[in-house]
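Data block below; observations after.
The values are calculated or read from the model by the stated rules, or taken from the named source; none is laboratory data. For clarity, every value in this text was computed on a predicted model and none was experimentally measured. Heads up, the Cβs are rebuilt from the backbone with ideal geometry, glycines too, and the neighbour counts pull from every protein chain shown.
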Amino acid sequence: MNAHAPAASASQKAIARRLWFDLHSWVGLKLSVFMSFVLLTGTLAVLAHEIDWLLNPEIRVQPGAQRANWGAMVDAVRRDYPAWTFESIERPEAARFAAQASMRTPQGRLRFVWVDPYRGVTTGDTGWFNAHRLLRNTHRHLMMPTRIGVPIVAALSIPLLISLLSSLYIYRHWWRGFFSLPRPERPRRFWGDLHRLLGVWSLAFIALIGLTGLWYLIESLGGAAPVVKAPTAAHARNIAADGAAVDRAIAQARDRWPGFVVEGVVPGGKDGTLLLTGQADAAMVRPRANAIAFDAVSGRWLGARDARALSVHQRISEMADPLHFGDFAGFWLKLAWFVFGAMLTALSLSGVYLYGLRIADSWRSAQRKRERSA
């Protein structure tokens, strides 16, 4: 039996751990500024609607005893903005939010008209470029053309996942670190402990953000899932349904598909199709994944798109956004995503600071050796 085998094995493990550590440090340092910026904008984007709510009084409403019908909101928008083209209306984000109607001005500009969902009256209009759009566009493609910006941002998923895997290797028994508080003896130790603590608590979130980001990269490079379109009325001219027709369509939708909850209405379009979008039996999908189409003129049922019938490829595509931004279970889940995003941003910044402390300690150590040998 070779007595040197255990020592050799331990030496090999130490070398491997050092290589993983160097890879972890190199990836984190080289991309630190860019990574931190994308993480910060993504964290703020999680609560972008709430930021707009604070900035714009048109979005703020007082809850009432009951909700107005969708048809009443559609009619209110048409009555107060008759010269604008009505494109769609979406449900309020929460109880104190107005419903958002997307409108096109005669000059072709997109604006939002806000509707009190309890009283069925408009509260005003705002521009398309708001805090939500600023943060989402900055985070998603850096305000660059999407074909260029999206792959650049989404490619960060690769070093993010590399950092995750390397951290699991270099931080032995990481599962013991959930309640290991930072030791304040000296800065390097404190920031090292804090970095590990943030990392342990962020592990699952890092995996989620990394995998969804990798999916966005695949989509941007040609791997997007095919879009399943809802049936259309195929009229020769642009026809839109009025409020009464919208309410009749919703009543028919409830009879045919009891589990369907309306979250958006497209009253018409170039082909005269009244489209309802929303949530039904499939979990964690965008509202567009479920849709019911009607003829905007006759009110005839044209067909439905059920997210449960989507392929695995399509289902992943529809789940990516809700998972990435945490907007599939209300405000408190989004707040949790915001907290984890803030932790991930702090993790990136603390790693850079820790590297700086390590370099400073090495420089001081070398300086002391030179002084002793002088």
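Would you check which residues across the stretch 222-253 are at pLDDT 95 or above and surrounded by fewer than 14 Cβ atoms within 10 Å (Cβ to Cβ) and list them?
Ala251
So that you can scan it fast, the table gives a plain yes or no per residue for (1) within 22 Å of Leu40 (Cβ to Cβ); (2) within 19 Å of the chain's Cα centre (by Cα):
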{"position": "Ala307", "(1), (2)": "no, no"}
{"position": "Lys334", "(1), (2)": "yes, yes"}
{"position": "Leu347", "(1), (2)": "yes, no"}
{"position": "Gly351", "(1), (2)": "yes, no"}
{"position": "Leu354", "(1), (2)": "yes, no"}
{"position": "Gln367", "(1), (2)": "no, no"}
{"position": "Glu371", "(1), (2)": "no, no"}
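Per-residue answers, yes or no, for (1) under 30 Å from Ser36 (Cα atoms); (2) in contact with a Leu (Cβ under 9 Å, 6 or more places away or on another chain); (3) not in a loop (DSSP other than H, G, I, E, B); (4) not small (Gly, Ala, Ser):
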site	(1), (2), (3), (4)
Asp271	no, no, no, yes
Asp281	no, no, no, yes
Ala291	no, yes, yes, no
Glu318	yes, yes, yes, yes
Asp321	yes, no, yes, yes
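Name the residue that is surrounded by the fewest Cβ atoms within 10 Å (Cβ to Cβ), counting only residues in the stretch 126-138 that are within 14 Å of His49 (Cβ to Cβ) and either within 11 Å of the chain's Cα centre (by Cα) or not hydrophobic (A, V, I, L, M, F, W, C) (or both).
Arg133
Could you tell me whether the stretch 353-374 includes any residue that is within 30 Å of Leu135 (Cβ to Cβ), of a type in the set (S, T, N, Q) and modelled with pLDDT under 95? Walk me through how you get there before you give the answer.
Here is the first cut: in the stretch 353-374, the ones within 30 Å of Leu135 (Cβ to Cβ) are 353-356.
After this cut, where a residue has to be of a type in the set (S, T, N, Q) as well, the list is none.
Checked the stretch 353-374: no residue is within 30 Å of Leu135 (Cβ to Cβ), of a type in the set (S, T, N, Q) and modelled with pLDDT under 95.
Return yes when Ser163 is among the hydroxyl-bearing types (Ser, Thr, Tyr), crowded, with 18+ Cβ neighbours inside 10 Å, under 23 Å from the mean Cα position of the chain (by Cα) and within 30 Å of Gly192 (Cβ to Cβ) and no when it is not.
Working: among the hydroxyl-bearing types (Ser, Thr, Tyr): yes; crowded, with 18+ Cβ neighbours inside 10 Å: yes; under 23 Å from the mean Cα position of the chain (by Cα): yes; within 30 Å of Gly192 (Cβ to Cβ): yes.
So Ser163 fits the description; yes.
Given Ala336, Ala320, Ala307, Ala366, which one is surrounded by 11 or more Cβ atoms within 10 Å (Cβ to Cβ), among the small types (Gly, Ala, Ser) and under 30 Å from Phe21 (Cα atoms)? Show your work before the answer.
Working: Ala320 fails: under 30 Å from Phe21 (Cα atoms); Ala307 fails: under 30 Å from Phe21 (Cα atoms); Ala366 fails: surrounded by 11 or more Cβ atoms within 10 Å (Cβ to Cβ).
None of the others qualify; the one that does is Ala336.
Please specify each residue of the stretch 234-280 satisfying the condition of being among the polar types (S, T, N, Q) and touching a residue at least 40 places away in the same chain (Cβ under 8 Å).
Gln252, Thr273 - these are the residues of the stretch 234-280 that are among the polar types (S, T, N, Q) and touching a residue at least 40 places away in the same chain (Cβ under 8 Å).
Out of everything in the stretch 40-84 that is over 19 Å from Trp128 (Cα atoms) and of a type in the set (S, T, N, Q), what residue ends up being surrounded by the most Cβ atoms within 10 Å (Cβ to Cβ)?
That would be Thr43.
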